[in-house]
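For reference, the structure is listed below as structure tokens.
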Amino acid sequence: MDSHLPNQENEREAPKYQNTYRLNAYNPFKIDPVDKIVKMIMINKLEDISYDGMECSKICESVAIDIREKIKNLNFDRYKIVVNLTIIEKANQGIQSIMGFLADTKRDNYSTFTYEARTFYAYCFAFGIYYE
């Protein structure tokens, strides 16, 4: 069967919307409530754990999902929410992390938080990326 012919599985098309020609959000991304959410969730979820290399990826994923869902509940209009959470072990080493991206300085924004526990460091970036 040819892959370019429509069938049951690929018949769904993305909905098409009329262009609004609106360039600004009614509810823009605000840093203060996002800072509070990131700080609260990271402290609550990470305070009782110790570093385990096998479990940290699962913990990162669950905490990042929790943070993203709470931020989405703030209903920022026309914003995609991206959360990047990293946990590293404290082992008398240094770390340098660089993140590069193109940003619209008028509309895009981000929040950061670093958490230090006895056996690890965790840092989180929560981005609000405007889309039209």
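Bear in mind that the values in this text are calculations on the coordinates, not laboratory data. Quantities reported herein were computed from a predicted structural model and do not represent experimental measurements. Counting neighbours? That spans all protein chains shown, and the Cβs are built from the backbone with ideal geometry, glycine included.
Set the Förster radius R0 to 30 Å, insert the Cβ-Cβ distance between Glu55 and Ile98 as r into 1/(1 + (r/R0)^6), and round the FRET efficiency to 0.05.
Once rounded, the FRET efficiency stands at 0.70.
Defining a contact as two alpha carbons under 8 Å apart and six or more residues distant in sequence, what relative contact order in percent does the chain show?
31 percent
Helix-derived [θ] at 222 nm for the chain: sum -39500 (n - 2.57) over DSSP H runs of at least 4, divide by residue count, nearest 500?
Numbers: 2 runs with 36 residues, N = 132.
For the chain, the value works out to -9000 deg cm²/dmol.
Quick check on segment 58-132: take the gyration tensor over C-alpha atoms, sort the square-rooted eigenvalues as a ≥ b ≥ c, and tell me if it's rounded (a/c under 1.5), prolate or oblate.
Oblate shape, in that a/c is at least 1.5 and b/c is the bigger or equal ratio.
At 0.36 nm per residue, minus the direct Cα-Cα distance, what do Ala91 and Glu13 gain on full extension? Give it in nm, one decimal, please.
So the chain would gain 23.0 nm between Ala91 and Glu13.
Counting other Cβ atoms within 10 Å, keep those with at most 15, restrict to DSSP loop, and tell me which GluC sites (Glu not before Pro) in segment 32-131 are left.
Glu47
Under the rule that an exposed site lies in a DSSP loop and has at most 11 other Cβ atoms within 10 Å, name the longest stretch of the chain with no chymotrypsin sites (Phe, Trp or Tyr not before Pro) of that kind, not counting the sites themselves.
The segment 27-100 is the longest one with no such site.
Can you give me the Cα centroid spacing of segment 55-132 and segment 22-49 in angstrom?
Answer, in whole Å: 10.
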